[in-house]
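Here the structure is laid out as C-alpha cells; the discussion comes afterwards.
Bear in mind these aren't lab numbers, they're just calculated from the coordinates by the rules spelled out. Computed from a predicted model, the values in this text were never measured in an experiment. So basically every Cβ, Gly included, is an ideal-geometry build from the backbone, and we count neighbours across all protein chains shown.
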Amino acid sequence: MALMSVADLQQLISTRIGEKMTLPETETAAVAQAAGRVLAADILSPIHVPEADVSAMDGYALPCAASCGDTFEIVGESAAGQPFSDGLAAGQCVRIMTGAVVPGGCAAVVMQENAALGADGRLRVLQDTPAACNIRFAGEEIRSGMTVLHKGRILRHADVMLLAALGLGRVPVYRRLRVAVLSTGNELTEAGEPLAAPGRIYDSNRPMLMSRLRDFPVETVDLKCVRDNLDDVIRVLDEAAQNHDVVMTSGGVSVGDYDYMREAVLRLGAIHHYKVAMKPGKPFVFGQMFRTWYFGLPGNPVSGFAGFDVFVKAALWQLCGACDIPQPLRFQAALTAPVAKSAGRLEMQRAVIARQADGSWTAAPCGAQDSHRILGASRANAYMILPPQAVSLNIGDQVEVQPFGSSFL
C-alpha cells in the first residue's frame, strides 16, 4: 500500500467516521463536572440576564437624567438581593449598590464619585448624567429562550460559569466512550516488575496512551499486554471489539515476522489505511472491527506519541460527538540550531520553544530525533512541523511549531 500524506489520512479518518459512526447515548452531568464533556443538545436560556434592570456601579439611582448641580433627596437604599420597593417622587433618589435592582421609575444611576452630600443632607450631582447611564437592562446580555450553547460543543470552564448563572444544575451530554488500550510484544515488561531476561524492556506506550486519554470524555480500559501470537491477538481483539467503542493498540503493526496486529484486525474487520508519509510514525493502522473503531499505533514510543497527536485526537473528539474539533495551535519560530532532514516525509521533530523579550519565538531541536528516544520527548515542549519537501535547515530559518501544551517551562 502506498504511503498516504498526513492531510489525506486525516481527511480519510474524518470522512469514514462521519459516514459510519453512531452518536453515543445521552446522559446528564452536573454542571460543575461538565467541563470537557460534549453537549448533547442545544441549551436555551430559561431566564433573562440580567433578570431585572440593575446598577452597573455603586452610586445613586435618579428618577431622571441629571445635570451638574442638580440636587436630590435620598429616601432609601437598594442593595444586591434587597431592592428598594417604595415609589419615588420628583426630586428624590435612592442609594444603590452594584448589581442591585434599579427602582421602578428611575432613569439613570450617577456614580458615587460624581456625587456629593451637601450640608443639608441632599445629594448634589457633580457631572452630567444622561438617561440610561450606568444601568444594565433586563435581558441586555441574554434573553429568555436564546440559544446560548449548541449541541456538539466541548464544554469549557467558562461554559460552566454561564450555565450556573442561568440556574442550570445539570446538562445533557453524550456518554463517555469506552476505549480499550493494549500493547503487544514478547519483549515487554510491566513497570514495577523486574526485567527477567536480556532484551526485555518496559512497556512505556500503553501507560502513555492511557495518560493521554485522560484529556477526553472516555472510560479507559486497560487490557494489558498481549504476547506475539496471532490466535491470542485475535481472541483479545475480538473480545475488546464486542464491548468497546474504540480499541487502541501499541506495537505489532509493522511488517516483522511477529507483527500480528494488522492481520488480526483484517480477520475481524477491515483496515481503511496502513502507512502514512510521516516521521516518526509511518506504520499507522486505521480500521474497524464490527462497530468498533481501531487505531493501531507503532511500537516505537515517540512514533505512538506523535501519531496520537496527529491522527487520534481529532478522531476521538469526533466519535465523542463534538462538532467543532479542536485544532492544534501552530506558529512560526526561528531556529537556534541547525536541523537535519531529508525530503520525502512530513517530520514531527521534538523541540524546545521559548518566547523572547521582543515577543518572537525560537526553537531548538531536542536532541537526536530517532523514534525510540524518549528522553528528548520528555524534555521537549513542542513539535517542529517540517513539510515533506523541506531539507536541512540552518540557524535563523523559520519553522512552524506546535506546542505540546498551553504553557511552557
For LEU386, the net charge from surrounding residues (Cβ-Cβ under 14 Å; K, R +1; D, E -1) works out to +2
For the residue pair ARG143 and GLU193, what label-to-label distance in nm results when each label sits 7 Å from Cα along the Cα-to-beta-carbon direction?
6.5 nm
For LYS20 and GLN112, what is the calculated FRET efficiency with R₀ set at 56 Å and r taken between the beta-carbons, to the nearest 0.05?
0.30
Which of GLU77, GLU187, GLU347 moves the most in a Gaussian network model of the chain with Cα springs under 10 Å?
GLU77
Can you report the principal axis dimensions of region 157-217 using only the alpha carbons, biggest first, rounded to whole angstrom?
62, 18, 13
Computed over region 255-409: relative contact order in percent, which uses C-alpha pairs under 8 Å that are six or more apart:
22 percent
Please state, as a whole number in µm²/s, the translational diffusion coefficient that the Stokes-Einstein equation yields for the chain at 20 °C and 1.002 mPa s, with Rh defined as the Kirkwood radius across alpha carbon pairs.
83 µm²/s
Dividing the alpha-carbon Rg of region 224-286 by 2.2 N^0.38 Å yields what?
1.09
DSSP beta bridges in the chain [antiparallel fraction, %, rounded to 5]
65 percent
When the Kirkwood radius is taken over all Cα pairs of region 74-181, what Stokes-Einstein diffusion coefficient follows at 37 °C and 0.692 mPa s, in µm²/s?
184 µm²/s
Theoretical gain in end-to-end length, CYS323 to ARG235 [0.36 nm per residue, Cα-Cα removed]:
28.2 nm
Quickly estimate the mean residue ellipticity at 222 nm for the chain, helices only: each DSSP H run with n ≥ 4 gives -39500 (n - 2.57), and the total goes over all residues, rounded to 500.
-5000 deg cm²/dmol
Max mean-square fluctuation residue, GNM over the chain, Cα-Cα springs under 10 Å, options ASP370, ASP70, ASP159:
ASP70
